[in-house]
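Please read the structure below before turning to the comments.
The values are calculated or read from the model by the stated rules, or taken from the named source; none is laboratory data. Every value quoted in this text rests on a predicted model; they were computed, and no experiment measured them. So basically every Cβ, Gly included, is an ideal-geometry build from the backbone, and we count neighbours across all protein chains shown.
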Amino acid sequence: MATKRFMTLPRHIMEGEKLHPEATGELSAILLQLSLAAKLISLEVNKAGLVEILGFTGDENVHGEKVKKLDIYAHEMLIKAMDHGGYFCVMASEEEEDIIHLPPHHKIGKYVLLFDPLDGSSNIDANISIGTIFSIYKRISPGNGPGTLQDCLQPGFQQVVAGYVVYGSSTMLVYTSGHGHGVHGFTLDPAFGEFLLSHDDIKIPNQGRIYSLNEGNYFTWPLGLKNYIKYLQSNLFDGKPYQARYVGSMVADIHRTLLYGGIFIYPGDKRNPKGKLRLMYECNPMAFIMEEAGGRATDGKKRILEIQPTGLHERTPVFIGSMKDVLLVEKYLREGQDRY
Ligand code: AHM
Ligand code: MG
């Protein structure tokens, strides 16, 4: 690629496309359209403290949780931005129980879009980073008609693109198309509204000093996990104690893990053996990104990307981050033999 200075997202995508003469340009168009939705959501998130949009709507989402207006805004914005390009045959959102069909008068395409419109939204009132997560697959159902639930329930290794947008001290879009193409991060310049390449070909360190999980749940953890955390707390990394960092907003915690190394964990526990985080909207896209960056993502026993999903909103425990750290927690979990 030519010089990275002033490398906007559109230019980066176009230059990447030139390397693949077989590319139809559809994925590039999808990414650009997603980045437009991200800019609009970012604007709204930045306004959150100023306008009356804050506060519960009183509705509950399919998981029985209170929904804030910004979640709905982000959900609707993504659908509006993505449903008319003729790229998708079906979509699904963490905020909607069933698959989302394209409006009848729109062209139907060969891709499938899954997204969590605004993850970590319980943090909005405290001005803490939140994010959008997206995941794209190719349709597997035959024909050119509307897509089906089966198109959405593909194992994560079938993803063709995955990414997230973090609305933090600045807004960043990070994505990968897998297969050695690398993980790339773009920072939104608010002055002229363009994403600029700021983190080219991100690689996660092989081992890190930071562990990230909700220690409030300690007494319900599996024994192996308790022992692993005890090991970290009583040992040094590079001569210094390990550090605990937990935002409680997955996109922010994963973003830090990707850049600095270490491990992010949302385990299954006594109360919730499958944990909290959703396979299709949260764990699969993050696992696709993490593996592409040289890291590892498992449910404690097997690769997240190899889990055959059975439901749109299913949850999975997740251990994700630097290769060595994830391998080590897996060893502790094996030794703990599913005991509590
Ligand atoms: P959400 O999809 O309802 O926003 O919940 C997901 C969030 C993640 O961003 C975060 O990692 C996790 O919930 C934190 O959960 P907890 O408060 O149990 O630690
Ligand atoms: Mg979420």
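Does segment 104-115 include one or more residues that are charged (D, E, K, R), within 16 Å of ligand 1 (Cβ to nearest atom) and either in a loop (DSSP other than H, G, I, E, B) or under 29 Å from Ala48 (Cβ atoms) (or both)? Looking for residues that are charged (D, E, K, R), within 16 Å of ligand 1 (Cβ to nearest atom) and either in a loop (DSSP other than H, G, I, E, B) or under 29 Å from Ala48 (Cβ atoms) (or both), one finds none in segment 104-115, hence no. The lone criterion from (1) in contact with a Leu (Cβ under 7 Å, 6 or more places away or on another chain); (2) within 16 Å of ligand 1 (Cβ to nearest atom); (3) over 21 Å from Lys274 (Cα atoms) left unmet by Met250 is number (3). Remark: Leu118 matches the filter, which requires a residue to be within 16 Å of ligand 1 (Cβ to nearest atom), in a strand (DSSP E or B) and not charged (D, E, K, R). Looking across segment 93-108, the residues that are in contact (Cβ under 8 Å) with a residue 12 or more places away in the chain and either surrounded by 20 or more Cβ atoms within 10 Å (Cβ to Cβ) or over 19 Å from Met280 (Cβ atoms) (or both) come down to Ser93, Glu94, Glu95, Ile99, Ile100, Leu102, Pro103, His106, Lys107, Ile108.
Total residues in segment 17-48 satisfying the condition of being under 18 Å from the mean Cα position of the chain (by Cα), aliphatic (A, V, I, L, M) and closer than 12 Å to Met77 by Cα: the figure is 5.
Considering only segment 109-128, state which residues are among the polar types (S, T, N, Q) and either under 16 Å from Ser35 (Cα atoms) or surrounded by fewer than 22 Cβ atoms within 10 Å (Cβ to Cβ) (or both). Selection gives Ser122, Asn123, Asn127.
Only one of the listed residues (Ile130, Ile136) is at pLDDT 95 or above, more than 21 Å from Asp98 (Cα to Cα) and in contact with a strand residue (DSSP E or B) (Cβ under 9 Å, 6 or more places away or on another chain). That residue is Ile130. Candidates Ile133, Ile140, Ile100: the one that is β-branched (Val, Ile, Thr) and within 16 Å of ligand 2 (Cβ to nearest atom) is Ile133. Each residue in segment 258-281 was checked for being among the hydrophobic types (A, V, I, L, M, F, W, C), out of contact with any Cys (no Cβ under 8 Å at 6 or more places or on another chain) and either more than 23 Å from Ala244 (Cα to Cα) or modelled with pLDDT under 95 (or both), and 1 of them qualify. Restricting attention to segment 133-192, the residues that are among the aromatic types (Phe, Trp, Tyr), closer than 23 Å to Pro309 by Cβ and surrounded by fewer than 16 Cβ atoms within 10 Å (Cβ to Cβ) add up to 1.
Residue by residue, here is whether (1) within 13 Å of ligand 1 (Cβ to nearest atom); (2) assigned by TED's automatic domain parsing to the domain that holds Pro309; (3) in contact (Cβ under 8 Å) with a residue 40 or more places away in the chain holds:
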{"position": "Phe237", "(1), (2), (3)": "no, yes, no"}
{"position": "Ile263", "(1), (2), (3)": "no, yes, yes"}
{"position": "Tyr266", "(1), (2), (3)": "yes, yes, yes"}
{"position": "Arg271", "(1), (2), (3)": "yes, yes, yes"}
{"position": "Lys276", "(1), (2), (3)": "yes, yes, no"}
{"position": "Cys283", "(1), (2), (3)": "yes, yes, yes"}
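Consider segment 169-201 and keep the residues that are within 15 Å of the chain's Cα centre (by Cα) and modelled with pLDDT under 95. The one that is farthest from Leu32 (Cα to Cα) is Gly178.
In this structure, Asp71 does satisfy being within 11 Å of ligand 1 (Cβ to nearest atom), assigned to a helix (DSSP H, G or I) and either farther than 21 Å from Thr176 by Cβ or without any contact (Cβ under 8 Å) to a residue 12 or more places away in the chain (or both).
Annotation: of all residues in segment 7-25 being surrounded by 10 or more Cβ atoms within 10 Å (Cβ to Cβ) and part of a loop (DSSP other than H, G, I, E, B), the one that is modelled with the highest pLDDT is Met7.
Of all the residues in segment 103-128, those that are touching a Lys or Arg at 6+ places or on another chain (Cβ under 7 Å) and more than 16 Å from ligand 2 (Cβ to nearest atom) number 3.
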